[in-house]
């Protein structure tokens, strides 16, 4: 039985320049199932983007805009389906529009049957998938970009569902260095809908946190009870105003976060600024 998660962070220009952080695995029933998914992913796929970090370093807005507009240019070079670009990370309406493009032409989770997705070459598919990531990167920068990083294995099927009892282990407050399951649905949570004022999203693209995979996020920032209460009020008010939209999904009003590990090493974000590359993920 594993006790620790160990992540090695390296300078992307010199992988020998690295540090290791240790995380104590939590004792809840989600953890062994998540570990199983990670090990399955590692047998088949490399990490999608080992440099997917947020909130560390300068020029984040400039970098986010460059990435998202490169995705738009590549997609349109294959087929002109996007008629807008992004000039500011605060242009939430355009970001909502682009997220809807991703939902429409990519398809919801395990429903990638749109002709565009089926027929597009690999590099265009990747650009469409990266468009989603780039939209959320812009939104993150606009909202302050709290320090964190995300590890994903796109190729691993997202076919595992949380059990009703798993929601008892979700949290709304945490300490810096907590590791969580990453949201793998194609769509938006209730908190994202409330924050984004999204006028483009289709009802079926509201997707509560139901599926999980190997993917995870390490949040290097605290969430206080006061901050959690602000999020709760925001989402609860939005839910009460839009109950018909959400239907009978029992947990849709929760902003669920599912912790799997906690940092036990000393955290120095200055060390991570120059080592924004996940060299390896392992258990011991």
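Quick notes on this structure:
- Only helices (runs of 4 or more DSSP H) whose full extent lies in region 1-116 are considered here, and the ones with at least 3 residues that are in contact with a helix residue (DSSP H, G or I) (Cβ under 6 Å, 6 or more places away or on another chain) are 60-78, 92-106.
- Filter result for residue 277 (at pLDDT 85 or above, more than 30 Å from residue 58 (Cα to Cα) and in the same structural domain as residue 24 (by TED's automatic domain parsing)): no
- The residues of region 248-264 that are in contact with a strand residue (DSSP E or B) (Cβ under 9 Å, 6 or more places away or on another chain) and either modelled with pLDDT under 95 or not assigned by TED's automatic domain parsing to the domain that holds residue 5 (or both), listed by number, are 249, 252, 256, 257.
- Condition check for residue 115: surrounded by fewer than 19 Cβ atoms within 10 Å (Cβ to Cβ), touching a residue at least 24 places away in the same chain (Cβ under 8 Å) and farther than 24 Å from residue 281 by Cα: no
- Entirely in region 169-284, the helices (runs of 4 or more DSSP H) that have 2 or more residues that are under 29 Å from residue 25 (Cβ atoms) and without any contact (Cβ under 8 Å) to a residue 40 or more places away in the chain: 225-241
- Of all residues in region 5-30, those that are more than 17 Å from residue 52 (Cβ to Cβ), surrounded by 20 or more Cβ atoms within 10 Å (Cβ to Cβ) and either under 20 Å from the mean Cα position of the chain (by Cα) or not assigned by TED's automatic domain parsing to the domain that holds residue 179 (or both) total 2.
- Boolean, residue 132 is out of contact with any strand residue (DSSP E or B) (no Cβ under 6 Å at 6 or more places or on another chain), closer than 27 Å to residue 36 by Cβ and in a helix (DSSP H, G or I): yes
The values are calculated or read from the model by the stated rules, or taken from the named source; none is laboratory data. Since we're looking at a predicted model, the values are computed, not measured. Neighbour counts are summed over all protein chains in view; Cβ atoms, including those assigned to glycine, are modelled from backbone coordinates with ideal geometry.
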